[in-house]
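Report on one structure; see the data block that follows.
Rule-based calculations on the coordinates, nothing more; no lab input. Note that this is a predicted model, so its numbers are computed, not measured. Cβ coordinates were reconstructed from backbone atoms using ideal geometry, including for glycine residues, and neighbour counts include every protein chain displayed.
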Amino acid sequence: MYPHKATEEQHREHRIRTFQPRRGRMTPAQAGALDRNWEKWGIAIDGTPLDLGQAFGGLPVTLEIGFGMGETTAAMAAADPGTGILAVDVHTPGHGNLLNLLEQNGAQNVRPAAGDAIILLRDMLADASLAGLRVYFADPWPKPKHHKRRLVQHGFLDLVLPRLAPGALVHCATDWEPYAEQMVEVLSARPELVNLHPEGDGSGWTDGREDGTVPGYAPRPEWRPLTKFERAGIAKGHVVHDLLFRKA
């Protein structure tokens, strides 16, 4: 099933969405990569239980929600072949681009999944099946009336935390300061999660503190490449914050 087909079927379910579906025009390279690789590597989010051990050959699996055009995902996969990446998005050209990049670098530890991550978590993944969660530069939904659409909130954690194995790493990053504050508040409220950097990241973004840091944020790990969204945010004067929590 091609990515856009899976996404269309899911829109029959009526609830608040954390994403805006985007189809867009594919380049010949993206379309060719889909034709060659989707049936082999792609996963349709259709509610059918997914055996991660079978899909990834026994590798520990990290779930990445929202990979955009896939540059960061492909780079991290190539740098860490011992970790499987279940990469979820709704953007069909992004699936094609990610598959094209994986062809180029030879990484075989990524499975692109098309559709709504909520359905994937709720209906398809077993408890304690994930070794990690990555949410990089998710839509911040900046208007107050849209805050209910943000992904990282209490209802999402109610769903995702049981799917995380003990020791799983939760890694979020955003360049939208109010969303960063919400992420810290929501993640810190869960007793199952331990903040790996409660002292803060030493950045120049302050809330009036003399030491120039805000507690709770982590320095950007060297293994997370800069993303296009990140560079665009930095160019606008935004401050990027990473959050690293581990499930107890």
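Computed from the C-beta positions of Leu159 and Asp80, the FRET efficiency with R₀ = 35 Å rounds to 0.85. Per-residue Karplus couplings for the range 162-169, computed as 6.51 cos²θ - 1.76 cosθ + 1.60 with θ equal to phi - 60°, are listed in order as x, 7, 8, 6, x, x, 4, 9 Hz, Gly and Pro entered as x. Extension gain for the segment Glu39 to Lys143, taken as residue separation times 0.36 nm less the Cα-Cα distance, is 33.6 nm to one decimal.
Can you tell me the order of 72-83, 156-167 when each peptide is scored by its average per-residue count of other Cβ atoms within 10 angstrom, highest first? Please report the intermediate quantities before stating the final value.
Working: 72-83: 18.5, 156-167: 16.2.
Packing order, densest peptide first, comes out as 72-83, 156-167.
For the range 51-138, run through the chymotrypsin sites (Phe, Trp or Tyr not before Pro) and keep only the ones in DSSP coil with at most 14 other Cβ atoms within 10 Å of their Cβ. In loop regions of the range 51-138 (DSSP not H, G, I, E or B), there are no sparsely surrounded chymotrypsin sites (Phe, Trp or Tyr not before Pro).
The three principal axes of the Cα atoms in the range 144-183 give end-to-end lengths of 34, 19, 10 Å, sorted in falling order. Between the amide H of Thr174 and those of Phe137, His241, distances stay under 5 Å, these residues lying 5 or more places away or on another chain, with hydrogens modeled in the peptide plane. Close amide H contacts of Tyr217 (hydrogens built in the peptide plane, cut-off under 5 Å, sequence separation of 5 or more or a different chain): Gly200, Asp201. For the range 97-103, 3J(HN,Hα) computed residue by residue from phi via the Karplus equation (6.51, -1.76, 1.60; θ = phi - 60°) reads 5, 4, 5, 5, 5, 5, 4 Hz, glycine and proline entered as x.
Each of Glu199 and Gln54 was given a label point 7 Å from its Cα along the Cα-to-Cβ line. The distance between the two points is 4.8 nm. Take the Cα of Ser188, step 7 Å toward its Cβ, do the same at Ala31, and the gap between the two points is 5.0 nm.
The phi-based Karplus calculation (6.51 cos²θ - 1.76 cosθ + 1.60; θ = phi - 60°) puts the 3J(HN,Hα) values of the range 238-248 at 6, 9, 8, 10, 9, 10, 10, 10, 10, 6, 5 Hz, whole numbers, x for Gly and Pro. Scanning residues 5 or more positions from Ile85 or on other chains, those with amide H under 5 Å from its amide H are Thr62, Val110, Arg111, with H placed 1.01 Å from N in the peptide plane. Counting other Cβ atoms within 10 Å of each Cβ, which trypsin sites (Lys or Arg not before Pro) in the range 19-94 have at most 11 and sit in a DSSP loop? Sparse-neighbourhood loop trypsin sites (Lys or Arg not before Pro): Arg25. Extending 7 Å from Cα along the Cβ direction at Lys228 and again at Asp127 yields two label points whose distance is 4.0 nm.
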